[in-house]
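*Asks:* My questions all concern the structure below.
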Amino acid sequence: MLGRTLLGITLLLPVLRPTANALPQSRESASNEVNIDVVVHSPVPLTLTERRKLKARIREFGWDTAEEILRELYQDKGYFKADVVSIRTPTINANALVFQVSPGKQYHLVRVSWRGNTVFSESELAKLIPIEPGELFNRTKIAEGLNAARKLYESRGYINFTPVPTPEMDDEAATLAFDIDVDEGRQFRFGELDVEGMEEAHREILLSAWQQLRSRPYNREDADTFFNRFFRSPLPNIKPENYTTFKIDEYNHSVNYSLRFEPSLRYRVGQNSRLEPVESP
């Protein structure tokens, strides 16, 4: 068992050299600081919930993305070919966005086909898209299905999986079909774990535990589980991605991890088998 092998040792994160992504970065946009009003002229008005969603997403991503965000909202209502035109953008004297929307026809989904898949069957992939033939087209649901397919492939080590959806429209019948061409890529496996700056005895224990992952199909969640088991931070919201680095080896189809400890610190086993940083004399 991994826990018994490592003798319950927990490594405190402050002794780790921070990586480039040591702390989460907040998204900043010009529209976060002001309350932009949004006016939409359309024969198909947005609901109150949709208007709130529109304004929230504009505040998050910036008013320069508002046109695409608004188009996506109408595509979620089945208006696949919705035309969105910006009439006015915010100015010093008029802090408002004004759009004219021509929604066009509502399209129904009639088929989703997968091509080029070998790892998973078409029936397995079809279950991932939360929309049934005959329902109104919904862009978000199609995107959710593609994202679910990506996660499924990545769980088996196919980290370069790429789906390419191609729509087929019947404008007269107002129907849509999608052919999704799949590029599965090669399967990647766990490679080496490189540890520097740790006392040799503890390093050997950690590397020994890593051997249970090595050569297995790569899965980011398995890597996170491994590091979460052996490292604990007194700081909130610290994740393995904040203190580990990994490198994808395209030639050997493997993913290698590394940890770097501050060389100016040594370690001793404290109470409850916890490794604590101690200043070197």
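*Asks:* Which of the lysines could a cross-linker bridge to Lys105, judged by Cα under 24 Å and excluding same-chain residues fewer than eight apart?
*Replies:* Within the straight-line limit of under 24 Å, Lys105 reaches these lysines: Lys53, Lys77, Lys81, Lys141.
*Asks:* Another question about this same structure. For segment 111-214, restrict the atom set to alpha-carbon positions and state the Rg and Dmax in Å.
*Replies:* Looking at segment 111-214, its Cα Rg and Dmax stand at 20.4, 72 Å.
*Asks:* OK, next. Given R₀ = 45 Å, FRET efficiency for Glu144-Glu199 by Cβ-Cβ distance, to 0.05?
*Replies:* Once rounded, the FRET efficiency stands at 0.45.
*Asks:* Also, quick follow-up: Provide the gained length on full extension for the span Arg220 to Lys239, in nm with one decimal, where the gain is 0.36 nm per separating residue minus the Cα-Cα distance.
*Replies:* 5.6 nm
*Asks:* Out of every Cα-Cα pair in segment 30-102, what percent are more than 21 Å apart?
*Replies:* 18
Values in this text are rule-based calculations from the coordinates and carry no lab data. Only a predicted model underlies this, so the values are computations on that prediction, with no experimental measurement involved. In this analysis, Cβ positions are derived from the backbone assuming ideal geometry, glycine residues included, and neighbour counts consider all displayed protein chains.
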